Amino acid sequence: MQGVTHPVIKDVVLIGAGHAHVAVLRMFGMRPVAGVRFTLISREVHSPYSGMLPGLIAGHYGFDDAHIDTGPLTQFAGARLYQDEAVGLDLAERRVICRDRPPVPYDLVSLDIGSTPNTAGVPGASQHAIPVKPIDGFLSRFEALLARVLARKGHARLALVGAGAGGVELLLSVEHRLRREVAQAGFDAGVLSFVLVSEVADILPSFPAAFRARFRAILAERGIDTVLGAPVTRVEAGRLIVDGHAPVEADEILWTTQAAPAAWFAQAGLPLDRDGFLKVDEMLRVGGRDDIFAAGDTIAFGPRALPKSGVYAVRAGPVLADNIRRAVTGRPLRPFRPQRDTLALVSTGERHALGSRNGVVVEGAWVWRWKDWIDRRFMRKFNEPPEMAAAPPAPSSPVADRAALADISAIAMRCGGCGAKVGATVLSRALGGIEPVRRPEVLLGLDAPDDAALVDVGGGKLALQTVDYFRAIVDDPYALGRIAATHALGDVYAMGGEPQTALAIATVPYGLEAKVEADLAAMMAGANEALRAAGCALVGGHTSEGAELALGFAVNGLVAPAAALRKGGLAPGDALVLTKPIGTGTLLAAHMRRKAKARWVMAAIAHMVQSNRRAAEVLARHGVHAATDVTGFGLIGHLIEMVRASDVDVTLAPDRVPLLAGARETVALGIFSSLQPQNVRLRRAVRDLEAAAAHPLYPLLFDPQTSGGLIASLPLAAAARCVADLRAAGYAEAAVIGLVTARSGALEPITLDPSGERVAAALEEARREAARPPQPAFAP
Ligand SMILES: Cc1cc2nc3c(=O)[nH]c(=O)nc-3n(C[C@H](O)[C@H](O)[C@H](O)COP(=O)(O)OP(=O)(O)OC[C@H]3O[C@@H](n4cnc5c(N)ncnc54)[C@H](O)[C@@H]3O)c2cc1C
């Protein structure tokens, strides 16, 4: 999918999207090394930037301001993005053990996974305190805290344990935000109270005296109590037990004390300091090995102890990138020489900050604006990486040739997945002259194409046969395997059948045997997972080497003759139900252009790997008349097939069509799948085209779907209940999107109901009808 120009020789796996690794990705994006492939494994695909976290909590920034989007960044770097959590390292086999996927092989691995607050030494802390780290989980924990405080109408006392820069800045931000939210909700913000608790004798111990004094004064001005020089020995529900001090009562407790490393390092046999952090030398190598590097909070830096501060992770980034480059090209490494004194800018909750460097302390709104400028500039480097063509290749390194890359990218911009399908019109023209042999067993074949061919092979059930094959839509072979198998099985479910066997056809890029094997293994592991869940046996297949990853399946299924669903069968008075949201075509096209947010792409993948099996079962229970799966020809294209086969008209309400997150935005940017123009030719089936085309969601009706949901028709009276059951079965966005009406004789069978009023009215009428008490039987 990345348009790889060179066979992969070395795999560099980055674990964690910490501050150093984002720099590594950017630098390799600017200056790639031919044959070196990067894979980022990160628990979160939007990595929080610690410098802006207090501002985010205080309400000065939105989520995207304060998070690095690893989607466009990994695309820029030509890297694969796996959203997962590393839970171990197999040093002997050189594999990263992940929570939710098969092990990921590496030639070189680097760890930048941050730290967590150390609650282990204090009984009760892990049960009753809210850890600030990992930061990626803190935001939801904070939102829950806010909701509780509002539920108590502001009558809450909040304690924060830890008086380092992170703790003090966070407490001031929390105080600012909570008071504002409580006041905005119409309650008295004065009833809120705050206390800072720490074992250290003074706040901000590593800062100059003037800086500390100023922050002490700010805390006092804001009415924030302090309990200092008093270690917390136990945490109980609603209070802190503190050595040498009366218990500190608190409804909410935030915990920011010393950092703790990942627990799995020890089991992996990695060299650790006595606190469990990874021992690295001055080259950032773990245990002196040239194949394991680390940076950020997670390291114990050999030459000298470094504070657990984002500044050092950021500073390590360029050296880490350079040393990875040197290691994979066999050149000597260079040392990391972190500065001893760094500029510290700490905000006070409002748009106000203090700065300190070399003992000089400055303060004011202008310091906040300065910090804001520095932080935003930092974020732009990662969230808006330069255009590939604009980046000059470095003359001295074996860099991929840019002109070749530009040519290849023009071809690579052709979409994969179902966006790579041949258009419906081209297909019917091409097949028009073909006359297959007629056999009596073939009940449904090319003459009446449906989701699958239906063949009578004797016995009580009919055989279903279908095949799908497409180029990679994601760079992750495991995800591709799951998507491709789920997609292929969809045809069998759309026909009301049960999958029985599958044959795979796989194309894997040329490369070293070990790389080909690893990609194939990951892809087939993903596919088999989906097939196993469907009870479908993988019985064989065929593989070949090719320019890019591709995968398909021929699936056989069984269906009882009476249960076989067809595209034809829509009946006037039916409701049209769609089980999954649409938008994969535009989102994946935007992903290729680095215009899609990683969370949109991950959510689209989550929908693509969701099987249609349970949806088909629910629809069957509610008396489904006809169904098809929405794939390459888009919603309108597949609906037209149903309408034509059923000789009816339909009314479609675009506003009721569920959309994948981000699809609205990428369509607004004018980004479409390469198949979209062919699908749009089908617009002639839409009545009042000019008015219809003015609807902002109109283009999405032609968006080709990969592993889309089912569109089904069923009696209007059953529709609401059916949608409720679909949602309960995990199809959270299932919706009634239209109505089937009698054939009007007009040339265009599809009418849009832009406001959705007609569909809503019909559903309301059906609801009233169902609620009406049964009429008493006539008694003479
Ligand atoms: C409230 C607060 C404010 C702070 N403010 C500042 C500040 O202004 N300036 C400053 O310099 N420092 C600040 N810090 C400290 C700073 O947050 C850390 O030092 C910094 O984030 C460390 O960066 P890192 O690269 O080591 O890891 P992180 O930034 O923590 O990133 C780790 C990444 O790895 C991922 N990850 C974690 N575990 C795994 C796993 N097992 N597998 C895969 N992925 C994983 C996470 O999802 C995350 O993306 C603050 C800390 C706090 C709590």
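So the values come out like this:
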| quantity | calculated |
| --- | --- |
| Separation in nanometres of the label points that stand 7 Å from Cα toward Cβ, at Glu221 and Arg767 | 5.4 |
| Kirkwood Rh in Å, taken over all unlike Cα pairs in region 214-359 | 18.7 |
| By accessible area with a 1.4 Å probe, ligands and nucleic acids excluded, highest first: order of Asp574, Asp90 | Asp90, Asp574 |
| Per residue value of the accessible surface for region 97-250 (all protein chains in place, 1.4 Å probe), Å² | 41 |
| Order by protection proxy (mean Cβ within 10 Å, highest first), peptides 330-342, 493-505 | 493-505, 330-342 |
| Straight-distance crosslink candidates among aspartates and glutamates, where the alpha carbon sits under 12 Å from Lys153 and sequence neighbours closer than 8 are dropped | Glu181, Asp188 |
| Per-residue ³J(HN,Hα) for region 263-280, Karplus 6.51 cos²θ - 1.76 cosθ + 1.60, θ = phi - 60°, Hz, x for Gly and Pro | 6, 6, 4, 5, 5, 6, x, 7, x, 10, 7, 5, 8, x, 7, 6, 6, 10 |
| Cα radius of gyration and Dmax for region 312-362 (Å) | 16.7, 50 |
| Net lengthening on full extension, Ala560/Ala521 (0.36 nm per residue, minus Cα-Cα) | 10.5 nm |
| Efficiency of FRET between Ala120 and Ala537 - r from beta-carbon atoms, R0 41 angstrom, step 0.05 | 0.30 |
| Inverse of mean 1/r across different Cα pairs in region 51-116, Kirkwood, Å | 14.5 |
| At 0.692 mPa s and 37 °C, Stokes diffusion of region 621-753 via Kirkwood alpha-carbon radius, µm² per second | 214 |
| Residues whose placed amide H lies under 5 Å from that of Phe194, excluding near-sequence neighbours | Leu158, Asp225 |
| Region 520-578, accessible surface, carbon-and-sulfur percent (1.4 angstrom probe) | 57 |
| Reference-scaled alpha-carbon Rg (2.2 N^0.38 Å with N residues) for region 499-590 | 1.48 |
| Label-point separation in nm, Arg380 to Asp243, each point 7 Å along Cα→Cβ | 4.9 |
| Computed Rg/Rh of region 121-256, alpha carbon atoms with Kirkwood Rh | 0.95 |
| Carbon plus sulfur fraction of accessible area for region 651-752, probe 1.4 Å, in percent | 56 |
| Cross-link pairs Lys461/Lys567; Lys381/Lys595; Lys567/Lys597; Lys10/Lys133; Lys133/Lys371 - those with Cα-Cα distance over 25 Å | Lys567/Lys597; Lys10/Lys133 |
| Residue-normalised accessible area of region 671-780, expressed per residue, 1.4 Å probe, Å² | 50 |
| Cβ-derived FRET efficiency at R0 41 Å, Thr233 paired with Val87, nearest 0.05 | 0.80 |
| Solvent-accessible surface ranking, highest first, for His21, His128, His352 at 1.4 angstrom | His128, His352, His21 |
| Net charge of Cβ neighbours under 15 Å - reference Gly186; Lys, Arg +1; Asp, Glu -1 | +2 |
| Per-q log10 I(q)/I(0), region 1-92, q = 0.14, 0.16, 0.24 Å⁻¹ (Debye; single scatterer per alpha-carbon; no solvent) | -0.55, -0.69, -1.20 |
| Volume per residue of the C-alpha convex hull in region 731-775, rounded to whole Å³ | 126 |
| Span from the region 618-637 Cα centroid across to the region 675-747 one, whole angstrom | 10 |
| CD proxy at 222 nm, helix term only [per DSSP H run n ≥ 4: -39500 (n - 2.57); per residue of the chain; nearest 500] | -10500 deg cm²/dmol |
| Karplus (6.51, -1.76, 1.60) ³J(HN,Hα), θ = phi - 60°, over region 120-127, in Hz, Gly and Pro reported as x | 4, x, 10, x, x, 5, 5, 7 |
| Alpha-carbon gyration tensor eigenvalues x 5, square-rooted, for the chain, Å | 52, 34, 23 |
| Helix runs (DSSP H) in the chain reaching 20 Å along axis by Cα, Kyte-Doolittle at least -0.5 | 135-151, 165-184, 310-328, 477-494, 513-533 |
| Sequence ranges 355-367, 295-307, ranked by mean other-Cβ count within 10 angstrom, highest first | 295-307, 355-367 |
| Sorted peptide list for 201-207, 72-78, criterion being average Cβ within 10 angstrom, highest first | 72-78, 201-207 |
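The values are calculated or read from the model by the stated rules, or taken from the named source; none is laboratory data. This structure is a prediction, so every number in the text was calculated from the model and none was measured. Every residue, glycine as well, gets a Cβ built from its backbone with ideal geometry; the counts of neighbours run over all protein chains shown. Just so you know, the surface numbers come from the protein's heavy atoms only, side chains and all, with ligands and any DNA or RNA stripped out. Shrake-Rupley method; radii C 1.70, N 1.55, O 1.52, S 1.80 Å.
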